Amino acid sequence: MATEKTLLEIFGRIESEVAGVIATAVVDLESGMTLAAKSNRTDFDLAVASAYNSELVKQKMKIMRALNLKSNLEDILLTLSDQFHLIRFLPGGGSFLYLAADRGSTNLAILRITIAKHTAGLS
């Protein structure tokens, strides 16, 4: 896994290309702990969001096993009335990037493309 400094630099590059980013974190799937985090809002608790999102991912993987699906889970999008929450799995499968963005300011297609571009080399 990349260092925290490298991850924070990636967060900065994503923010420079995508409007409306609220918060970004890389999360260890098993523990739910943040490996790197950056929030642009003091009222957005990334530690809480990371922990609960790791549980969400684990449940989705459990569902996929129960359905005997052989596909790989690439990302999960949660659409709120005013926000997008995107979970994208990082290479290696042990962690994911979690990003929350303002729905009115963010182009979802650009967000997905930008995250894929900047996380492709992580392992």
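General remarks:
- Some residue of segment 78-89 being free of Cβ contacts under 8 Å to residues at least 40 places away in the same chain, on the phi < 0 side of the Ramachandran plot, in a loop (DSSP other than H, G, I, E, B) and touching a Gly at 6+ places or on another chain (Cβ under 8 Å): yes
- For the residues LEU8, LEU69, LEU73, the requirement of being surrounded by 14 or more Cβ atoms within 10 Å (Cβ to Cβ), assigned to a loop (DSSP other than H, G, I, E, B) and free of Cβ contacts under 8 Å to residues at least 40 places away in the same chain singles out LEU73.
- Members of segment 92-123 that are in contact with a helix residue (DSSP H, G or I) (Cβ under 8 Å, 6 or more places away or on another chain) and part of a loop (DSSP other than H, G, I, E, B): LEU122
- Only residues that are open to solvent by 50 Å² or more (accessible area, probe 1.4 Å) and modelled with pLDDT of 95 or more were counted across segment 89-103, and they come to 2.
The values are calculated or read from the model by the stated rules, or taken from the named source; none is laboratory data. A quick note: this is a predicted structure, and the numbers were derived from the prediction, not measured. Backbone-built Cβ (ideal geometry, glycine too); neighbour counts: all protein chains shown. Remember, those area values only see protein heavy atoms, side chains included, never the ligands or the DNA or RNA. Shrake-Rupley method; radii C 1.70, N 1.55, O 1.52, S 1.80 Å.
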